[in-house]
1. Residue by residue through the stretch 57-96, note down the ones that are within 12 Å of the chain's Cα centre (by Cα) and surrounded by fewer than 13 Cβ atoms within 10 Å (Cβ to Cβ).
2. For the stretch 62-108, which residues satisfy the criterion of being outside any loop (DSSP other than H, G, I, E, B) and acidic (Asp, Glu)?
3. Within the set of pairs 6 or more residues apart or between chains, which connect a residue that is modelled with pLDDT of 95 or more inside the stretch 46-59 to a residue that is in a loop (DSSP other than H, G, I, E, B) with Cβ atoms less than 9 Å apart?
4. Could you give me the residue pairs with C-beta distances under 8 Å whose first residue belongs to the stretch 82-97 and is of a type in the set (Ser, Thr, Tyr), whose second residue is surrounded by fewer than 16 Cβ atoms within 10 Å (Cβ to Cβ) wherever it lies, and which are 6+ apart or on separate chains?
5. Among what's in the stretch 19-56 and is surrounded by 13 or more Cβ atoms within 10 Å (Cβ to Cβ) and among the charged types (D, E, K, R), pick the residue that is farthest from the chain's Cα centre (by Cα).
Amino acid sequence: MAKQAQAKAAPKAPEPQIEERDQRKSFEGIVVSDKMDKTRIVSVPRLVRHKFYEKIIRKRSKFAVHDETNTSKAGDLVEIMSTRPLSKTKRWRLVRVVKAAQKVAEAK
């Protein structure tokens, strides 16, 4: 009888699966273009050592980033994260604006 009571109590509602995003790549970079709607071009710099000469070289990659609310502007330091393909070139999304660019007064 005890086994039957345990068997009846055993089926429980499945726990909701929490999607982990730890395995996604994330970078910080500077917005170089904000001329498109909901799309930003972000430049991510990196340092690499030359294979033969062993000199440290600065390289950069430019990523098309999805910005749903158009919050970032040119010159902002932003954090981006990889995501599913959103268009032909967009595979990244904006996580947050780390540091906003200084506003410059426009001369007329």
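The values are calculated or read from the model by the stated rules, or taken from the named source; none is laboratory data. The structure presented is a predicted model; accordingly, all values stated were derived computationally and were not measured. Every residue, glycine among them, receives a Cβ derived from its backbone with ideal geometry; neighbour counts consider all protein chains shown.
1. Of everything in the stretch 57-96, those that are within 12 Å of the chain's Cα centre (by Cα) and surrounded by fewer than 13 Cβ atoms within 10 Å (Cβ to Cβ) turn out to be 84, 96.
2. 79
3. 49/55; 56/50; 57/50
4. Qualifying pairs under 8 Å: 82/24; 82/25; 82/26; 83/24.
5. Taking the candidates together, the pick is 34.
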